[in-house]
1. Answer yes or no as to whether THR47 is part of a helix (DSSP H, G or I), surrounded by 13 or more Cβ atoms within 10 Å (Cβ to Cβ) and either of a type outside the set (Lys, Arg) or on the phi < 0 side of the Ramachandran plot (or both).
2. Kindly establish whether PHE117 is touching a residue at least 60 places away in the same chain (Cβ under 8 Å), surrounded by fewer than 16 Cβ atoms within 10 Å (Cβ to Cβ) and among the aromatic types (Phe, Trp, Tyr).
3. Quick check, is PRO9 outside any helix (DSSP H, G or I) and within 20 Å of LEU114 (Cβ to Cβ)?
4. Limited to segment 56-100, what total is found for residues that are of a type in the set (Gly, Ala, Ser) and under 14 Å from the mean Cα position of the chain (by Cα)?
5. Limited to segment 50-62, what total is found for residues that are surrounded by fewer than 16 Cβ atoms within 10 Å (Cβ to Cβ) and modelled with pLDDT under 95?
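The values are calculated or read from the model by the stated rules, or taken from the named source; none is laboratory data. All figures in this text were calculated on a predicted structure; none of them were measured in a lab. We place every Cβ from the backbone using ideal geometry, glycine too, and count neighbours over all the protein chains shown.
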Amino acid sequence: MTKQSFARPSPAFVGASWGAMIVGILAYLIGLWNAQMQLNEKGYYLTILLYGCFAAVSLQKTVRDRAEGLPVTGMYVGLCWTSLMAAVVLLTVGLWNATLMLSEKGFYAMSFVLTLFAIIAVQKNVRDLAAAGDVPEAQQA
């Protein structure tokens, strides 16, 4: 497989991606902070957010590595997909069984999805900027 070249993202897209990620994470965390639920429930939802973010970044990196012709095992790709789906399923099951108002459930679901989408875009931008030589070697992901 040949190495593909990726276009340098515009500053507006980079800013929008970072902004969406920050808004999604902050909204989710502020919602958790203000929620009337037990500490173990808050910990569950926080862990789901962290796990989902890690899984999404790992999957994006894996897909990008394959697109650039870097070796990635099928087992790792499968693990990335499984992890991302597990995070989404765990959030869905948690919200389905939660004693929250429907609007609160929707709030957590939407801020979670916004965060996952935005973190994938941020990771893509980091890789594209690195490929364009705009990110120092030590910061490349």
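1. Taking the combined requirement at face value, the residue does not satisfy it.
2. yes
3. yes
4. Selection size over segment 56-100: 5.
5. 0
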